[in-house]
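Only one structure is covered here, and it is reproduced in the block below.
The values are calculated or read from the model by the stated rules, or taken from the named source; none is laboratory data. Remember, predicted model here, so these are calculated numbers, not experimental data. So basically every Cβ, Gly included, is an ideal-geometry build from the backbone, and we count neighbours across all protein chains shown.
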Amino acid sequence: MVIESLRQLHALDLSHSEVAICATTLSDASGLDALAYIRGTRPELPVILTGSDSSMAIEAIRGGALDFVVAMNLNDFNMLPLAVEKSLVHQRIAQENDRLHHDLKQSLRELAVTNQQLQTVIRQLEAMARTDELTGLANRRWFNLTLDGSWAEATRNNLPLACLMIDLDGFKTVNDKTGHHHGDELLRLAARVIRANCRDIDVPARYGGDEFCILMAHTEAHEAAMVAERILREFEHAVRDRPKDQPPTGMSMGLAHIDLSRPINADQLVSHADEAMYAAKSAGKQRLMIRSGDGTYLPMWRG
(Lines give C-alpha, C1' and ligand atoms only; values in the text may rest on other atoms or scores of the structure.)
Protein backbone atom coordinates (compact mmCIF):
# COMPACT_ATOMS: atom_id res chain seq x y z
CA MET A 1 0.00 0.00 0.00
CA VAL A 2 1.46 3.35 -1.13
CA ILE A 3 -0.11 6.43 0.45
CA GLU A 4 -0.20 9.63 -1.64
CA SER A 5 -2.54 11.82 0.43
CA LEU A 6 -3.87 12.01 3.97
CA ARG A 7 -7.44 12.04 2.58
CA GLN A 8 -6.73 8.75 0.81
CA LEU A 9 -5.33 7.32 4.03
CA HIS A 10 -8.45 8.25 6.00
CA ALA A 11 -10.58 6.39 3.46
CA LEU A 12 -8.56 3.19 3.66
CA ASP A 13 -9.28 0.16 5.83
CA LEU A 14 -5.96 -0.60 7.50
CA SER A 15 -7.13 -3.73 9.32
CA HIS A 16 -5.69 -6.09 6.68
CA SER A 17 -2.52 -4.16 5.84
CA GLU A 18 0.88 -5.65 6.63
CA VAL A 19 3.03 -2.60 6.00
CA ALA A 20 2.50 1.08 5.13
CA ILE A 21 4.90 3.03 2.86
CA CYS A 22 4.45 6.78 3.03
CA ALA A 23 6.26 9.69 1.42
CA THR A 24 7.42 12.50 3.66
CA THR A 25 5.46 14.98 1.54
CA LEU A 26 1.85 14.27 0.64
CA SER A 27 -0.49 16.33 -1.48
CA ASP A 28 -2.45 17.55 1.51
CA ALA A 29 -0.20 16.89 4.53
CA SER A 30 3.21 15.70 5.65
CA GLY A 31 4.30 12.11 6.06
CA LEU A 32 4.60 12.74 9.78
CA ASP A 33 0.88 13.54 9.91
CA ALA A 34 0.14 10.26 8.15
CA LEU A 35 2.47 8.46 10.54
CA ALA A 36 0.65 9.92 13.55
CA TYR A 37 -2.71 8.83 12.13
CA ILE A 38 -1.51 5.26 11.46
CA ARG A 39 0.07 4.96 14.88
CA GLY A 40 -3.19 6.07 16.44
CA THR A 41 -5.28 3.70 14.31
CA ARG A 42 -3.06 0.62 14.19
CA PRO A 43 -0.08 0.98 16.53
CA GLU A 44 1.32 -2.41 15.54
CA LEU A 45 1.39 -1.69 11.76
CA PRO A 46 4.97 -1.17 10.45
CA VAL A 47 5.38 2.19 8.71
CA ILE A 48 8.20 3.09 6.28
CA LEU A 49 8.71 6.74 5.39
CA THR A 50 10.52 7.73 2.20
CA GLY A 51 11.88 11.10 1.16
CA SER A 52 14.87 13.08 0.00
CA ASP A 53 15.35 15.02 3.24
CA SER A 54 17.42 12.73 5.46
CA SER A 55 17.11 15.21 8.32
CA MET A 56 13.53 13.99 8.81
CA ALA A 57 14.70 10.44 9.50
CA ILE A 58 15.31 10.95 13.22
CA GLU A 59 11.94 12.68 13.72
CA ALA A 60 10.21 9.90 11.76
CA ILE A 61 11.82 7.15 13.83
CA ARG A 62 10.94 9.01 17.02
CA GLY A 63 7.36 9.29 15.77
CA GLY A 64 7.11 5.54 15.45
CA ALA A 65 8.27 4.75 11.92
CA LEU A 66 10.04 1.44 11.64
CA ASP A 67 12.39 2.67 8.88
CA PHE A 68 13.25 5.70 6.75
CA VAL A 69 14.44 5.26 3.15
CA VAL A 70 16.31 8.19 1.65
CA ALA A 71 15.31 8.42 -2.04
CA MET A 72 16.79 11.18 -4.16
CA ASN A 73 15.66 9.55 -7.43
CA LEU A 74 14.01 6.39 -8.72
CA ASN A 75 17.21 4.37 -8.44
CA ASP A 76 17.31 4.99 -4.71
CA PHE A 77 14.07 3.04 -4.27
CA ASN A 78 16.11 -0.15 -4.76
CA MET A 79 16.49 -0.17 -0.96
CA LEU A 80 12.73 -0.16 -0.46
CA PRO A 81 12.17 -3.93 -0.92
CA LEU A 82 14.79 -4.61 1.74
CA ALA A 83 13.08 -2.16 4.10
CA VAL A 84 9.72 -3.81 3.43
CA GLU A 85 11.16 -7.26 4.10
CA LYS A 86 12.70 -6.00 7.31
CA SER A 87 9.34 -4.50 8.30
CA LEU A 88 7.52 -7.76 7.65
CA VAL A 89 10.08 -9.73 9.64
CA HIS A 90 9.77 -7.22 12.44
CA GLN A 91 5.98 -7.58 12.36
CA ARG A 92 6.22 -11.39 12.47
CA ILE A 93 8.60 -11.19 15.41
CA ALA A 94 6.28 -8.75 17.18
CA GLN A 95 3.29 -11.02 16.55
CA GLU A 96 5.23 -14.03 17.81
CA ASN A 97 6.24 -12.07 20.90
CA ASP A 98 2.60 -11.12 21.46
CA ARG A 99 1.59 -14.77 21.11
CA LEU A 100 4.31 -15.90 23.49
CA HIS A 101 3.32 -13.16 25.94
CA HIS A 102 -0.32 -14.25 25.73
CA ASP A 103 0.66 -17.89 26.21
CA LEU A 104 2.84 -16.93 29.15
CA LYS A 105 0.02 -14.99 30.79
CA GLN A 106 -2.32 -17.93 30.24
CA SER A 107 0.26 -20.32 31.66
CA LEU A 108 0.74 -18.07 34.69
CA ARG A 109 -3.02 -17.96 35.26
CA GLU A 110 -3.22 -21.73 35.01
CA LEU A 111 -0.21 -22.05 37.29
CA ALA A 112 -1.86 -19.74 39.83
CA VAL A 113 -5.01 -21.88 39.78
CA THR A 114 -2.95 -25.06 40.09
CA ASN A 115 -0.93 -23.54 42.91
CA GLN A 116 -4.11 -22.52 44.73
CA GLN A 117 -5.47 -26.05 44.34
CA LEU A 118 -2.17 -27.45 45.55
CA GLN A 119 -2.23 -25.17 48.60
CA THR A 120 -5.76 -26.36 49.36
CA VAL A 121 -4.65 -29.99 49.12
CA ILE A 122 -1.62 -29.26 51.32
CA ARG A 123 -3.83 -27.61 53.95
CA GLN A 124 -6.18 -30.60 53.84
CA LEU A 125 -3.28 -33.02 54.19
CA GLU A 126 -1.85 -30.98 57.05
CA ALA A 127 -5.24 -31.01 58.78
CA MET A 128 -5.48 -34.77 58.26
CA ALA A 129 -1.96 -35.24 59.60
CA ARG A 130 -2.78 -33.47 62.86
CA THR A 131 -6.37 -34.62 63.34
CA ASP A 132 -7.78 -37.77 64.90
CA GLU A 133 -10.12 -39.21 62.29
CA LEU A 134 -12.74 -40.55 64.70
CA THR A 135 -13.18 -37.57 67.04
CA GLY A 136 -11.95 -34.61 64.99
CA LEU A 137 -9.67 -33.53 67.84
CA ALA A 138 -5.93 -33.19 67.49
CA ASN A 139 -4.03 -36.47 67.39
CA ARG A 140 -1.24 -37.40 69.76
CA ARG A 141 1.51 -36.47 67.30
CA TRP A 142 0.18 -32.92 66.91
CA PHE A 143 -0.38 -32.66 70.66
CA ASN A 144 3.26 -33.54 71.32
CA LEU A 145 4.48 -30.99 68.76
CA THR A 146 2.31 -28.30 70.32
CA LEU A 147 3.40 -29.36 73.80
CA ASP A 148 7.05 -28.69 73.03
CA GLY A 149 6.30 -25.20 71.72
CA SER A 150 4.02 -24.32 74.62
CA TRP A 151 6.54 -25.57 77.17
CA ALA A 152 9.32 -23.52 75.58
CA GLU A 153 7.14 -20.39 75.63
CA ALA A 154 6.03 -20.94 79.23
CA THR A 155 9.52 -21.54 80.62
CA ARG A 156 11.10 -18.73 78.60
CA ASN A 157 8.52 -16.11 79.57
CA ASN A 158 7.46 -17.45 82.98
CA LEU A 159 3.89 -18.09 81.82
CA PRO A 160 1.33 -20.49 83.32
CA LEU A 161 0.70 -23.80 81.58
CA ALA A 162 -1.73 -26.58 82.46
CA CYS A 163 -2.36 -30.10 81.19
CA LEU A 164 -5.57 -32.04 81.75
CA MET A 165 -5.79 -35.80 81.20
CA ILE A 166 -9.21 -37.42 80.80
CA ASP A 167 -10.14 -41.09 80.78
CA LEU A 168 -13.62 -42.52 80.12
CA ASP A 169 -14.82 -44.67 83.02
CA GLY A 170 -16.51 -47.88 81.94
CA PHE A 171 -15.52 -47.56 78.30
CA LYS A 172 -14.26 -51.15 78.00
CA THR A 173 -17.58 -52.40 79.31
CA VAL A 174 -19.43 -50.33 76.69
CA ASN A 175 -17.28 -51.86 73.94
CA ASP A 176 -17.60 -55.42 75.27
CA LYS A 177 -21.35 -55.36 75.88
CA THR A 178 -22.69 -53.11 73.13
CA GLY A 179 -20.01 -53.26 70.43
CA HIS A 180 -17.40 -50.92 69.03
CA HIS A 181 -20.01 -48.87 67.19
CA HIS A 182 -21.45 -47.64 70.47
CA GLY A 183 -17.94 -47.20 71.83
CA ASP A 184 -17.08 -44.94 68.89
CA GLU A 185 -20.25 -42.91 69.46
CA LEU A 186 -19.25 -42.46 73.08
CA LEU A 187 -15.80 -41.24 72.07
CA ARG A 188 -17.33 -38.73 69.64
CA LEU A 189 -19.73 -37.54 72.35
CA ALA A 190 -16.85 -37.00 74.78
CA ALA A 191 -14.89 -35.13 72.09
CA ARG A 192 -17.82 -32.79 71.41
CA VAL A 193 -18.16 -31.96 75.11
CA ILE A 194 -14.42 -31.38 75.45
CA ARG A 195 -14.20 -29.17 72.37
CA ALA A 196 -17.24 -27.12 73.40
CA ASN A 197 -15.50 -26.15 76.66
CA CYS A 198 -12.10 -25.26 75.20
CA ARG A 199 -10.84 -21.86 74.14
CA ASP A 200 -9.27 -21.21 70.77
CA ILE A 201 -5.77 -21.32 72.27
CA ASP A 202 -6.38 -24.68 73.99
CA VAL A 203 -5.30 -27.90 72.29
CA PRO A 204 -7.79 -30.71 72.93
CA ALA A 205 -6.52 -34.07 71.67
CA ARG A 206 -7.27 -37.74 71.65
CA TYR A 207 -4.26 -39.15 73.41
CA GLY A 208 -5.03 -42.77 72.65
CA GLY A 209 -7.91 -45.24 73.06
CA ASP A 210 -10.42 -43.66 75.41
CA GLU A 211 -7.93 -41.18 76.82
CA PHE A 212 -8.08 -37.47 76.01
CA CYS A 213 -5.93 -34.53 77.01
CA ILE A 214 -6.10 -30.76 76.86
CA LEU A 215 -3.08 -28.48 76.77
CA MET A 216 -3.96 -25.08 78.19
CA ALA A 217 -1.41 -22.33 77.66
CA HIS A 218 -1.62 -19.03 79.58
CA THR A 219 -3.95 -20.72 82.08
CA GLU A 220 -3.79 -20.58 85.85
CA ALA A 221 -4.48 -23.74 87.86
CA HIS A 222 -7.87 -22.60 89.16
CA GLU A 223 -8.96 -21.67 85.61
CA ALA A 224 -7.97 -25.10 84.31
CA ALA A 225 -9.83 -26.74 87.19
CA MET A 226 -12.98 -24.80 86.30
CA VAL A 227 -12.76 -26.04 82.70
CA ALA A 228 -12.34 -29.60 83.96
CA GLU A 229 -15.36 -29.31 86.21
CA ARG A 230 -17.50 -27.96 83.36
CA ILE A 231 -16.50 -30.84 81.11
CA LEU A 232 -17.21 -33.32 83.90
CA ARG A 233 -20.69 -31.95 84.56
CA GLU A 234 -21.65 -31.56 80.91
CA PHE A 235 -20.51 -35.08 80.05
CA GLU A 236 -22.55 -36.47 82.95
CA HIS A 237 -25.56 -34.60 81.58
CA ALA A 238 -24.92 -35.75 78.00
CA VAL A 239 -24.69 -39.48 78.83
CA ARG A 240 -28.07 -39.35 80.56
CA ASP A 241 -29.68 -39.26 77.12
CA ARG A 242 -28.15 -42.59 76.16
CA PRO A 243 -30.40 -45.68 76.15
CA LYS A 244 -31.09 -47.11 79.59
CA ASP A 245 -29.56 -50.46 78.69
CA GLN A 246 -26.18 -48.84 78.01
CA PRO A 247 -23.51 -49.47 80.68
CA PRO A 248 -22.88 -46.42 82.90
CA THR A 249 -19.89 -44.27 82.06
CA GLY A 250 -18.21 -41.11 83.24
CA MET A 251 -14.89 -39.28 83.28
CA SER A 252 -11.86 -39.43 85.53
CA MET A 253 -9.57 -36.42 85.24
CA GLY A 254 -6.08 -35.47 86.32
CA LEU A 255 -4.70 -31.94 86.27
CA ALA A 256 -1.07 -30.88 86.35
CA HIS A 257 0.15 -27.30 86.35
CA ILE A 258 3.63 -25.97 85.80
CA ASP A 259 3.42 -23.86 88.99
CA LEU A 260 2.03 -26.66 91.19
CA SER A 261 3.74 -29.95 90.39
CA ARG A 262 6.92 -28.24 89.18
CA PRO A 263 7.73 -30.58 86.27
CA ILE A 264 11.26 -30.42 84.91
CA ASN A 265 10.19 -30.82 81.28
CA ALA A 266 7.13 -31.03 79.05
CA ASP A 267 6.90 -34.82 79.20
CA GLN A 268 6.82 -34.73 82.98
CA LEU A 269 3.96 -32.23 82.90
CA VAL A 270 1.91 -34.78 80.96
CA SER A 271 3.06 -37.60 83.26
CA HIS A 272 1.93 -35.63 86.31
CA ALA A 273 -1.50 -35.11 84.75
CA ASP A 274 -1.68 -38.81 83.87
CA GLU A 275 -0.76 -39.82 87.44
CA ALA A 276 -3.42 -37.48 88.81
CA MET A 277 -5.98 -39.02 86.47
CA TYR A 278 -5.19 -42.51 87.77
CA ALA A 279 -5.46 -41.15 91.30
CA ALA A 280 -8.98 -39.98 90.41
CA LYS A 281 -9.84 -43.48 89.25
CA SER A 282 -8.45 -44.97 92.45
CA ALA A 283 -10.48 -42.50 94.51
CA GLY A 284 -13.78 -43.66 93.00
CA LYS A 285 -13.79 -42.34 89.41
CA GLN A 286 -15.91 -39.56 87.91
CA ARG A 287 -13.88 -36.84 89.59
CA LEU A 288 -10.91 -34.50 89.19
CA MET A 289 -7.61 -34.82 91.03
CA ILE A 290 -4.81 -32.25 90.97
CA ARG A 291 -1.11 -33.10 91.23
CA SER A 292 0.52 -31.06 93.99
CA GLY A 293 4.16 -30.08 94.33
CA ASP A 294 4.96 -32.77 96.92
CA GLY A 295 3.60 -35.57 94.75
CA THR A 296 0.23 -35.89 96.46
CA TYR A 297 -3.12 -35.55 94.76
CA LEU A 298 -5.78 -33.09 95.83
CA PRO A 299 -9.46 -33.59 95.05
CA MET A 300 -11.35 -30.76 93.44
CA TRP A 301 -14.81 -29.72 94.52
CA ARG A 302 -17.82 -31.20 92.81
CA GLY A 303 -20.62 -28.87 91.74
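For the reader, a short list of remarks on this structure follows.
- Restricting attention to the stretch 178-221, the residues being among the hydrophobic types (A, V, I, L, M, F, W, C) and assigned to a helix (DSSP H, G or I) number 9.
- Residues that are of a type in the set (D, E, K, R), free of Cβ contacts under 8 Å to residues at least 12 places away in the same chain and part of a loop (DSSP other than H, G, I, E, B) within the stretch 117-159 comprise just one, GLU133.
- ALA224 being outside any strand (DSSP E or B), assigned by TED's automatic domain parsing to the domain that holds GLN286 and small (Gly, Ala, Ser): yes
- In the stretch 226-245, of all residues being over 36 Å from the mean Cα position of the chain (by Cα) and surrounded by 17 or more Cβ atoms within 10 Å (Cβ to Cβ), the one that is modelled with the lowest pLDDT corresponds to ARG242.
- Of all residue pairs spaced 6 or more apart or on separate chains, those with beta-carbon atoms under 7 Å, a first member in the stretch 185-213 that is in the same structural domain as GLN246 (by TED's automatic domain parsing) and modelled with pLDDT under 95 and a second member that is surrounded by fewer than 17 Cβ atoms within 10 Å (Cβ to Cβ) and part of a loop (DSSP other than H, G, I, E, B) are ILE201/HIS218.
- Count - residues of the stretch 263-302 that are assigned to a loop (DSSP other than H, G, I, E, B), without any contact (Cβ under 8 Å) to a residue 60 or more places away in the chain and among the aromatic types (Phe, Trp, Tyr): 0
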